[in-house]
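A short write-up of the structure that comes next.
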Amino acid sequence: MKTIRIATRESALALWQANHVKTLLEGAHDELTCQIVGMTTEGDRNKVSPLSQMGGKGVFVKELETALFDGSVDIAVHSMKDVPGELPQGLEIAAMVERADPRDAFVSNNYSTMAELPDGARVGSSSLRRVLQLKAAFPGLEFQELRGNVDTRLRKLDEGQYDAIILAVAGLQRLGLSDRVADAIHPKVSIPAAGQGAVGIECRAGDESTKSLLTAINHPTTWHCVSAEREVTLMLGATCNLPIAVFAEISEDTLQLAAYVSDTQGSQVIREHREGPVNEASALAKTLGQKLLDQGAAALIESS
């Protein structure tokens, strides 16, 4: 029996994702057994500072990548929205499992939609991307920082600290909390983060044995969409902390790609959309990324 050691954060959602990958791998390979190795990241330890001040989304993956480098694990399972566009040299994303619902979730105990919230209502979110897009659509609302795992955020909502909170539909579904989703926000109102709803598997670039095992659970549609999204974010600067959203979906053989870039105040916004054949996804992403840069995304990034 071959054993694959799977690195994961220890939050309930991250453990669900790791166990999902474990089930898929063991189901695809009779001779394989998987071992979950839980870890705590900087992003988990610091629940106070805004992510933008901590160095961005990479704070949720660094410890897992260190474990890959030192050989104590074979793969790391990530929410793809937490993975920076540029990976450390020697590591790669080798597979992505089928994406769940990528939309943002409106969660409230007293209101059914964002439009029902009265002016001055308190809305909790840790994501500047979500806050600025939703503030543009609903300018009368008061958006406040909200950190912590899903249970912590829901508890704060239930205690009355917020009138509503914004989470990811996929995360709530995976935790068996679909009933908490009052409304799924349309991507035209809030474009999701690149990779949102997708689970990716990272491994050492030279580990061909492990990569061959991962090929069996890769989901092609998810791979094409998320790879295109990540290509755009990489062109815009993988380490920047600006609110950037990129979302791809496939209809028949056409890939549709939408993007949003803003300054940190939401006063300068760039939106772009492109579509084309799925087999030209990479070129389409490069075209969209260049269009964003030509319209001033580079200046926004440099001023952040």
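Evaluate the distance, in nm, between pseudo-label points positioned 7 Å from the Cα of Asp158 and of Leu177 along their respective Cα→Cβ axes.
Placing both labels 7 Å beyond Cα along the Cβ direction yields 0.9 nm.
Describe numerically, in nm with one decimal, the distance between label points set 7 Å from Cα along Cα→Cβ at Asp151 and at Gln265.
Label at Asp151, label at Gln265, 4.1 nm between them.
Add +1 for every Lys or Arg and -1 for every Asp or Glu among the other residues with Cβ under 15 Å from the Cβ of His224, and state the total.
Values: positive: Arg99, Arg230, Arg274, Lys286; negative: Glu98, Glu229, Glu231, Glu249, Glu252, Asp253, Glu275, Glu280.
Result for the local shell: -4.
Using R₀ = 41 Å, calculate the FRET efficiency as 1/(1 + (r/R₀)^6) where r is the Cβ-Cβ separation of Glu86 and Glu142; round to 0.05.
Values: r = 35 Å, r/R0 = 0.86.
Given R0 = 41 Å and the Cβ-Cβ separation, E is 0.70.
Quote to one decimal, in nm, the extra length available between Leu15 and Ser72 on full extension: 0.36 nm per residue of separation minus the C-alpha distance between them.
18.7 nm
Quick check on the chain: of the DSSP beta bridges with both residues there, what percent are antiparallel, nearest 5%?
About 70 percent, rounded to the nearest 5.
Using just the helices of the chain, give the 222 nm mean residue ellipticity in deg cm²/dmol: DSSP H runs with n ≥ 4 each add -39,500 (n - 2.57), and the total is spread over all residues, rounded to 500.
The helix-only estimate for the chain comes to -9500 deg cm²/dmol at 222 nm.
Provide, for the chain, the number of lysine pairs with alpha carbons under 23 Å apart, each pair being eight or more places apart or on different chains.
Total qualifying Lys-Lys pairs in the chain comes to 24.
In debye, nearest 20: dipole of the chain around its Cα centre with unit charges on the Cβ of K, R (+) and D, E (-)?
So the magnitude is around 480 debye.
Using 0.36 nm times the number of residues separating Ala28 and Asn279, minus their current alpha carbon distance, what extension gain do you get?
87.7 nm
Please state the relative contact order of the chain as a whole percent: Cα pairs under 8 Å, 6+ residues apart?
20 percent
Values quoted throughout were computed directly from the atomic coordinates according to the rules given, and no laboratory measurement underlies them. In this text, all values refer to a predicted model and were calculated from it rather than measured experimentally. Cβ sites come from the backbone with ideal geometry, for glycine too, and all protein chains shown count toward neighbours.
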